[in-house]
Amino acid sequence: MNDKIISVVAAVIRDQDGRVLLVRKRGTAAFMQPGGKRDAGESDIAALSREIVEELGCCVDQKSARPLGEFRCASANEPGFALQATVYAVSIEGAIRPQAEIEQVIWVNPRALPDLPLAPLTRDHVLPLAVS
């Protein structure tokens with residue numbers, strides 16, 4: 001792609017019906033996985049746990065984290081940048097309450113997607129994984 005790369009960790013959170021949680025940040029159009037950039041020296045799981053608390057007000061059950069893969073694609077919100085995402089399936093504890101930069105939270109069935117703008121990572125990598 002290019003050498004302008006944003007490195008992030010992202011969460012796949014599912015409900016009891018197998019639906020996948022997607023978020024939309026304030027001022028953006030695309031729905032995506034919750035997550036974000038690591039702080040200096042932060043492990044993937046520590047970064048993901050911090051981001052989930054900041055964005056959704058709930059906690060990651062750290063024992064539940066399962067790596068799903070590392071993916072590279074176009075960034076949804078930073079034109080000209082590529083995204084290098086390490087994706088984990090996680091369970092959460094507590095109620096989801098969108099906060100910080102999160103404008104909207106939705107649950108989607110990966111087998112019957114709504115007509116919504118999806119981030120490239122979500123559309124091309126995460127949701128196809130969630131179907132299998």
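The values are calculated or read from the model by the stated rules, or taken from the named source; none is laboratory data. Values in this document were obtained by computation on a predicted structure and should not be read as measured data. Methodologically, a virtual Cβ is constructed for each residue, glycine included, from the backbone with ideal geometry; neighbour enumeration extends over all protein chains shown.
Residues of the stretch 87-104 that are in contact with a Phe, Trp or Tyr (Cβ under 9 Å, 6 or more places away or on another chain) and either without any contact (Cβ under 8 Å) to a residue 60 or more places away in the chain or surrounded by fewer than 19 Cβ atoms within 10 Å (Cβ to Cβ) (or both): Gln104 alone.
Report yes if some residue within the stretch 67-86 is at pLDDT 95 or above and under 17 Å from Pro98 (Cβ atoms); otherwise report no. Scanning the stretch 67-86, I find no residue that is at pLDDT 95 or above and under 17 Å from Pro98 (Cβ atoms), so the answer is no. Hey, does the stretch 94-104 have a residue that's of a type outside the set (D, E, K, R) and under 18 Å from Val126 (Cα atoms)? The answer is no, given that none of the residues of the stretch 94-104 is of a type outside the set (D, E, K, R) and under 18 Å from Val126 (Cα atoms). For the stretch 99-112, which residues satisfy the criterion of being under 16 Å from Ile13 (Cα atoms) and in contact with a helix residue (DSSP H, G or I) (Cβ under 8 Å, 6 or more places away or on another chain)? Correct list: Ile102, Val105, Val108, Pro110, Arg111. Looking only at residues in the stretch 25-45 that are touching a residue at least 40 places away in the same chain (Cβ under 8 Å) and part of a strand (DSSP E or B), which one is surrounded by the fewest Cβ atoms within 10 Å (Cβ to Cβ)? Restricting to residues being touching a residue at least 40 places away in the same chain (Cβ under 8 Å) and part of a strand (DSSP E or B), the top hit is Lys25.
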